[in-house]
Number of protein chains: 2
Amino acid sequence: MELYREQGFDRTTAAEIAARAGVNERTFFRHFPDKREVLFDGEADLRAALTQAVAEAPAPLQPLDTLLWAFRKAGRILEDNRPFSEPRLAVIAVTPALRERELAKHASLIEAVAEALRQRDVPDRLAGLAAQTGWAAFHHAAQAWIDDPARSLDAHLSRAFDDLRALSGTAQEAKYAARAD
Amino acid sequence: MELYREQGFDRTTAAEIAARAGVNERTFFRHFPDKREVLFDGEADLRAALTQAVAEAPAPLQPLDTLLWAFRKAGRILEDNRPFSEPRLAVIAVTPALRERELAKHASLIEAVAEALRQRDVPDRLAGLAAQTGWAAFHHAAQAWIDDPARSLDAHLSRAFDDLRALSGTAQEAKYAARAD
DNA sequence: TAAGTAATGTCAGTCACTGGCGTCAAGTAG
DNA sequence: CTACTTGACGCCAGTGACTGACATTACTTA
């Protein structure tokens with residue numbers, strides 16, 4: 001992170017990172033499959049938290065409500081990690097190669113969430129769609145929360161999921177949801 | 001494509017591709033920024049078709065209906081290109097590096113669609129969410145269409161968007177939508 | 001403490017990609 | 001028709017991400 005922030009991702013070599021960490025370059029590549037992966041280490045935690053939260057959600061909830069519940073719960077990880085994830089996201093945002101990897105990670109998380117939904121007897125076809133849709137809302141909320149930390153992540157989540165529902169509703173509902181911030 | 005299909009993406013070098021095309025390796029990299037990009041050349045066409053279709057959609061439509069309309073229209077490009085895109089997708093599917101790039105392309109298309117929606121006065125916050133959500137449905141439909149070409153792409157699209165609506169509906173609606181295939 | 005195992009260092013090699021430079025072909029102005 | 005520009009291509013050398021093979025060191029455990 002230090003190096004990536006100082007000189008940018010593209011201009012820091014794997015050898016530099018290894019040196020800064022006090023190890024050999026070869027050793028670096030034994031810990032991380034590639035240069036990008038360094039920034040996506042906590043992903044396993046988030047995945048575990050998410051799938052577990054989906055599994056633990058109250059039984060009678062609808063797919064999207066299940067996801068909202070799960071995202072609220074897993075969101076605490078984000079809130080706790082904000083000091084770390086903020087510079088991290090800044091680096092990712094300005095590096096196309098890292099954005100690609102981020103999207104791949106998200107896709108993998110979405111698939112895990114979809115699978116967790118299927119375990120809850122959400123119909124197969126709906127599970128994938130619900131996971132992607134819910135994730136989109138989650139992602140929007142997280143982005144809004146980064147830009148505007150004054151509100152809680154939960155508040156941003158509620159709004160994003162309301163927007164989602166408004167999308168499938170009537171014109172009036174959609175416009176209403178848009179007007180109320 | 002020949003080489004990627006014969007020996008896989010990872011095991012074909014840029015030099016081989018260049019040789020097969022009868023040019024120098026350096027020339028290859030002057031035409032494509034990198035090895036992956038070769039498989040994503042038609043993207044500009046799809047983007048143009050999509051944004052134009054969104055712009056041309058009947059005025060009174062809701063965001064998601066606008067997208068359904070646009071995807072139907074742009075879907076013809078897919079139908080016409082099926083012989084090309086089928087082996088292409090097969091190669092992408094088995095190569096993580098290519099899947100990453102595909103996700104990046106999709107993200108870029110989604111952003112273009114979102115922008116097209118904003119041009120139609122879809123509220124800012126809703127546009128991004130609608131684009132991602134609609135794209136998810138489109139993608140599911142396209143995938144289903146690849147797996148089951150018996151039905152038309154339009155039919156798959158209708159079903160996917162119905163699923164989408166069912167997600168925001170009541171439990172009964174969702175289960176009903178799932179039962180009807 | 002000795003044997004075994006896992007982590008690290010060293011070295012050489014492959015390959016994607018880049019900058020610099022010379023060549024050659026196709027205009028284009030005069 | 002000629003001089004001049006422009007653009008596509010080939011050639012060469014270099015950087016840097018990774019990888020495999022093997023030696024070495026650190027750590028466990030009997």
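The values are calculated or read from the model by the stated rules, or taken from the named source; none is laboratory data. All figures in this text were calculated on a predicted structure; none of them were measured in a lab. Positions of Cβ are backbone-derived with ideal geometry, glycine not excepted, and every protein chain shown enters the neighbour counts. Calculation scope for accessible area: heavy atoms of the full protein, side chains included, ligands and nucleic acids excluded. Shrake-Rupley method; radii C 1.70, N 1.55, O 1.52, S 1.80 Å.
Determine which member of the set A:PRO83, A:PRO33, A:PRO60 is open to solvent by 40 Å² or more (accessible area, probe 1.4 Å), away from DNA strand D (no atom under 16 Å from the Cβ) and within 14 Å of chain B (Cβ to nearest Cβ).
A:PRO60
Report, by residue number, each residue of region A:118-141 that is over 20 Å from A:PRO60 (Cβ atoms) and among the basic types (Lys, Arg).
Once the filter is applied, which keeps residues that are over 20 Å from A:PRO60 (Cβ atoms) and among the basic types (Lys, Arg), region A:118-141 yields only A:ARG125.
What are the pairs, 6+ residues apart or on separate chains, where a residue within region A:99-110 that is more than 8 Å from every other protein chain (Cβ to nearest Cβ) has its Cβ under 7 Å from a residue that is polar (S, T, N, Q)?
Between residues of region A:99-110 that are more than 8 Å from every other protein chain (Cβ to nearest Cβ) and residues that are polar (S, T, N, Q), the close pairs are A:ILE110/A:GLN132.
Pairs, please: C-beta under 6 Å, at least 6 apart or cross-chain, first residue touching a residue at least 24 places away in the same chain (Cβ under 8 Å) and in region A:24-38, second part of a helix (DSSP H, G or I) and open to solvent by less than 100 Å² (accessible area, probe 1.4 Å)?
So the pair list comes out as A:LYS35/A:ALA14; A:ARG36/A:LEU98; A:ARG36/A:ARG101.
If the requirement is being open to solvent by less than 60 Å² (accessible area, probe 1.4 Å) and either more than 14 Å from chain A (Cβ to nearest Cβ) or away from DNA strand D (no atom under 16 Å from the Cβ) (or both), which of these qualifies: B:GLY42, B:GLY22?
Checking each option against the conditions leaves just B:GLY42.
What tally of residues in region B:111-130 results from selecting those that are at the interface with chain A (Cβ under 9 Å from one of its Cβ atoms) and under 16 Å from the mean Cα position of the chain (by Cα)? If you could, list the steps in order and put the result at the bottom.
Step one: of region B:111-130, the residues at the interface with chain A (Cβ under 9 Å from one of its Cβ atoms) are B:122-126, B:128-130.
Imposing the further condition that a residue be under 16 Å from the mean Cα position of the chain (by Cα) reduces the set to B:130.
Summing the residues that are at the interface with chain A (Cβ under 9 Å from one of its Cβ atoms) and under 16 Å from the mean Cα position of the chain (by Cα) in region B:111-130 gives 1.
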